Structures are given as C-alpha cells and as structure tokens.
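Undergrad: First, the structure itself, so that you have it in front of you.
The values are calculated or read from the model by the stated rules, or taken from the named source; none is laboratory data. Predicted model only: the values in this text are computed from it and were never measured. Methodologically, a virtual Cβ is constructed for each residue, glycine included, from the backbone with ideal geometry; neighbour enumeration extends over all protein chains shown. Keep in mind that these areas ignore ligands, DNA and RNA; they rest on the heavy atoms of the full protein, side chains included. Shrake-Rupley method; radii C 1.70, N 1.55, O 1.52, S 1.80 Å.
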Amino acid sequence: MINYSDFDPSKKAFIFELDNVLYPEKDYLLQVYYLFANFLEYIETVPPAGDLIAFMQKTYEHQGKEQIFDKAQAVFGIDEKYRENFLRLHREAKLPLKLLLYKEMLDLLQQITVDRKQIFLVTAGNPIQQLNKIRHMEWNGLENYLKVFFTDELEPKPAPGVLLNILKDNDLDASEVVLIGTAGDDELFAKNAAIAFVSV
C-alpha cells in the first residue's frame, strides 16, 4: 500500500508512469483485442470473435502482449493485411469502456492535489498510443492538475532527459521530487536523474 502520509512532506512534485502504475494496462489491451476480433469477424466472418478474444486474453495472461498478433495468426490463419489494423487499434482505438485508476492511486493523486503539490505524468511508448490511453482514463477531475510528458519524444527510458527538463523548467531540485513507477526501467530512470523512487 502507498499512502500519502508515508512520503517526505518536503517533496514538492510527484512523477508517475502510466501503465501498471496508475491503472492496469490489461484494461486497455483487452478492449483493443475485443475491438479487433469483432472487426475481423465482421469483415471475414471467421474466426468467431468470441474464440479470438478468448485466445488473445489467455495468451496475454500467460505469455504477455509480445507477438500476440503472430500467435493468433498462426492459430487462426489471419491474413497479414490485418496486422496494420491491429497496430492502428493499439494506437487509436475508441474504447467502449473508460479506463479506471487503481483506487489506491486515485486516493494518492487526490491527496497530492489537495496538498497543492505538482503532478507529472511521464510515460514511455508510442506517444499517440499513450495519449489515447490518457484520453480514455476516468480522471475524476484530476486531468486539470496533470502535466504530461512522453519520453519517446525526447529520448527513451532510462535516459533522464525528460526528468532533467522537468526539474529545470519547474525550478525543482532533484531532492524535492519522487518518481513512482515499476521496478526495472523506472527505477534506473529515476536513479539517472538522482530522483527518489518508489515502486508499486
């Protein structure tokens, strides 16, 4: 559990990654798979959308999101021409359901906002896709307090360029900031900018 009261009160700014930090990424991906399967069934009539959705969900849960199109293609004989549709849906899908923040993170963000501290969202990956996720989030009014940055527009993680720019542009010292993310790249990302790190 992360509680706002656990943070050093001298911190002036909080930096968050998006995927699997503020919300579960699978909530986005499973909706993309649902939309793709229904599109494919509509165009080709086979495979049945339910079968493809079940396959993709099971594959994601056991093997992750990597090469999921290739795996489905091998099992269902999906034409290669649909790969671009699959990738475009990842970037630009109009989701049927809003993406919900983890309750714990919603509470944390609200407490930070009430305490008038700064909140930055610094996310890796395709900027168009990450922005699409952000647009589909149920922010509960918090969107007005977020400043959003895409690492891939400057330099990919764990290079600290984006973080150093945030410090400079907002007159912040590294000691006044904490980055909240997942172990691995995010931890190294914070370390490279001499910023405190908390893993979720």
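Undergrad: Identify the residue in region 27-86 that is of a type in the set (D, E) and over 29 Å from L100 (Cβ atoms) and, among all such residues, is nearest to the chain's Cα centre (by Cα).
TA: Narrowing region 27-86 to residues of a type in the set (D, E): 27, 41, 44, 51, 61, 66, 70, 79-80, 84.
Now drop any that are not over 29 Å from L100 (Cβ atoms), which leaves 44, 70, 79-80, 84.
Values: E44: 31, D70: 23, D79: 29, E80: 27, E84: 21 Å.
Across region 27-86, the extreme among qualifying residues is E84.
Undergrad: How about region 1-34: which of its residues are more than 17 Å from V200 (Cα to Cα) and not charged (D, E, K, R)?
TA: The answer is P9, S10, A13, Y28, L29, L30, Q31, V32, Y33, Y34.
Undergrad: Also, I was wondering about something else. Those residues that are in contact with an Asp or Glu (Cβ under 7 Å, 6 or more places away or on another chain) and either open to solvent by 50 Å² or more (accessible area, probe 1.4 Å) or outside any strand (DSSP E or B) (or both), I need them from region 102-125; list them, please. I'd like the intermediate steps shown before the answer.
TA: Looking only at region 102-125, we keep the residues that are in contact with an Asp or Glu (Cβ under 7 Å, 6 or more places away or on another chain), and these are 122-125.
Selection gives A124, G125.
Undergrad: Follow-up. Where the second residue is of a type in the set (S, T, Y) and assigned to a strand (DSSP E or B) and the first is open to solvent by less than 10 Å² (accessible area, probe 1.4 Å) and modelled with pLDDT of 95 or more and lies in region 15-33, which pairs have Cβ atoms under 8 Å and are six or more apart or on separate chains?
TA: L18/T123
Undergrad: Out of curiosity, is L97 in contact with a helix residue (DSSP H, G or I) (Cβ under 9 Å, 6 or more places away or on another chain), at pLDDT 95 or above, aliphatic (A, V, I, L, M) and surrounded by 14 or more Cβ atoms within 10 Å (Cβ to Cβ)?
TA: The answer is no for L97.
Undergrad: If you take just the strands (runs of 3 or more DSSP E) that sit entirely in region 128-200, which of them hold at least 1 residues that are open to solvent by 20 Å² or more (accessible area, probe 1.4 Å) and not polar (S, T, N, Q)?
TA: On the way: elements: 146-150, 177-181, 196-199.
Output list reads 146-150, 196-199.
Undergrad: Looking at region 6-63 only, could you name the residues that are hydroxyl-bearing (S, T, Y) and assigned to a loop (DSSP other than H, G, I, E, B)?
TA: If the condition is that a residue be hydroxyl-bearing (S, T, Y) and assigned to a loop (DSSP other than H, G, I, E, B), then S10, T45 are the ones that fit.
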